[in-house]
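A short write-up of the structure that comes next.
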Amino acid sequence: MEPRFQNVSVIWQRRFLFVQKREQVLREIHGEERGEHVFFKMLKEDIDTVFDQDPAARSYIEVVLTYSGLHAIWAHRIAHAFYKRKLYFLARIISQVSRFFTGVEIHPAATIGRRFFIDHGMGVVIGETCEIGDNVTVFQGVTLGGTGKEKGKRHPTILDDALIATGAKVLGSITVGKGSKIGAGSVVLKDVPDHSTVVGIPGRVVVQNGKKINRDLNHQDLPDPVSDRFKELEREMEKLKRELASLSRKEEQS
């Protein structure tokens with residue numbers, strides 16, 4: 001090949017490599033910008049969610065400075081970002097500092113969706129392999145934990161629009177369906193269908209109508225099958241007492 005053609009070939013190769021490098025840099029820059037945009041959008045959504053869910057919220061400054069549940073969520077988002085970059089120790093340090101200040105312990109590996117709301121927050125525990133969808137509400141004292149020392153997926157999956165009330169325990173690699181409610185103090189060990197209400201120890205499905213349940217925060221009026229059973233036993237005992245009294249009167253008359 002003649003020298004002039006070799007020079008032209010080298011020039012075109014250099015131009016091609018330059019264009020490729022430029023496109024790669026632009027993709028990285030735009031990707032970072034999109035990532036930052038999504039991150040700050042999620043922070044704004046978290047604040048708006050507090051106003052949507054908590055009638056006691058009055059101002060942005062109050063929410064940002066005083067809501068421990070919000071602080072825990074933000075700290076987790078930062079810790080989770082470090083965890084995904086394999087900076088495990090730093091991620092754990094952030095999660096433990098957050099736990100010290102907020103009373104909420106979220107493992108940095110847990111996956112949490114958008115508009116997640118922790119009301120009051122104290123005593124909430126979310127395990128390593130837990131997966132939480134969008135628009136999920138959790139109250140104080142909730143545990144999303146495992147049931148043993150097994151490796152792999154061992155914590156619950158909470159689908160979109162679920163509500164887990166005060167003190168509920170959801171344990172093991174189970175799924176809580178979309179739009180479902182877990183009653184206060186319940187212990188859930190099995191999968192929960194979509195749009196269901198679960199109460200009791202162990203948790204039992206007491207409402208399942210196939211339609212989306214309104215996501216109101218009134219979780220003190222949920223059905224209680226244990227209490228209903230006690231009331232049924234009381235009615236049976238009263239009936240037996242009346243029958244015994246009737247038999248006693250007949251014996252006295254005879």
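The values are calculated or read from the model by the stated rules, or taken from the named source; none is laboratory data. These figures come from a predicted structure and were not determined experimentally. Don't worry about glycine lacking a Cβ; one is built from the backbone with ideal geometry, like all the others, and counts go over all protein chains shown. What goes into the accessible areas is simple: the full protein's heavy atoms, side chains included, and nothing from ligands, DNA or RNA. Shrake-Rupley method; radii C 1.70, N 1.55, O 1.52, S 1.80 Å.
Let me confirm something: among ILE78, ILE132, ILE106, which residue is modelled with pLDDT of 90 or more, touching a helix residue (DSSP H, G or I) at 6+ places or on another chain (Cβ under 9 Å) and not aromatic (Phe, Trp, Tyr)?
On the way: ILE78 fails: modelled with pLDDT of 90 or more; ILE132 fails: touching a helix residue (DSSP H, G or I) at 6+ places or on another chain (Cβ under 9 Å).
When all the criteria are applied, what remains is ILE106.
Filter the range 109-142 down to the residues that are part of a strand (DSSP E or B), open to solvent by 30 Å² or more (accessible area, probe 1.4 Å) and not hydrophobic (A, V, I, L, M, F, W, C) and list them by number. Result: THR111, GLU131.
If you check ILE94, ILE73, ILE106 for being within 20 Å of VAL125 (Cα to Cα), in contact with an Asp or Glu (Cβ under 7 Å, 6 or more places away or on another chain) and open to solvent by less than 70 Å² (accessible area, probe 1.4 Å), only one passes: ILE73. Among the listed residues ASP228, ASP191, identify the single one that is modelled with pLDDT of 85 or more and open to solvent by 70 Å² or more (accessible area, probe 1.4 Å). It is ASP191.
Regarding SER248, is this residue surrounded by fewer than 11 Cβ atoms within 10 Å (Cβ to Cβ), assigned to a helix (DSSP H, G or I) and at pLDDT below 85? Answer is yes for this residue.
Look at the range 109-121: where a residue is over 14 Å from LEU159 (Cα atoms) and a partner is aromatic (Phe, Trp, Tyr), sitting 6+ places away or on another chain with Cβ atoms under 6 Å, you get ALA109/TYR83; ASP119/PHE139. Mind checking which residues of the range 151-185 are of a type in the set (Val, Ile, Thr), in a strand (DSSP E or B) and open to solvent by 30 Å² or more (accessible area, probe 1.4 Å)? The one that is of a type in the set (Val, Ile, Thr), in a strand (DSSP E or B) and open to solvent by 30 Å² or more (accessible area, probe 1.4 Å): THR175. Somewhere in the range 62-72, is a residue in a loop (DSSP other than H, G, I, E, B), of a type outside the set (D, E, K, R), under 21 Å from LYS41 (Cα atoms) and modelled with pLDDT under 90? Checking the range 62-72: at least one residue is in a loop (DSSP other than H, G, I, E, B), of a type outside the set (D, E, K, R), under 21 Å from LYS41 (Cα atoms) and modelled with pLDDT under 90.
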